[in-house]
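Working notes, structure below.
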């Protein structure tokens, strides 16, 4: 059975969101929202974009460090959930700066008014 890159990306995003928030239950980070998953054409890597509610640099670095430390556990849990894929892609977490950039633009527009 062949699975397309887009279908695998949406499947990973749907299954990974509860796994990430179950594995990482830290009050410093809070809720981690997965915004997008991009899977490479050879299905070996999945770049997972996430956001958190805090814009503090220390919190963002702590969240990134925690996600990287728990990466193997998260990938193993994902493999238990997704059975129809031969090999689960390597997960790379990246902070999605689009929300922070949008908030920055919103603040600039408010100051102009």
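Every number in this text was worked out from the coordinates using simple rules, so none of it is lab data. Being a predicted model, the structure only gives us computed values, none of them experimental. Cβ coordinates were reconstructed from backbone atoms using ideal geometry, including for glycine residues, and neighbour counts include every protein chain displayed.
Observations, loosely collected:
- The listed residue being touching a helix residue (DSSP H, G or I) at 6+ places or on another chain (Cβ under 9 Å) and more than 18 Å from residue 13 (Cβ to Cβ), out of 28, 81: 28
- Members of the stretch 1-25 that are loosely packed, with under 14 Cβ neighbours inside 10 Å and either in a loop (DSSP other than H, G, I, E, B) or touching a helix residue (DSSP H, G or I) at 6+ places or on another chain (Cβ under 6 Å) (or both): 1, 2, 4, 25
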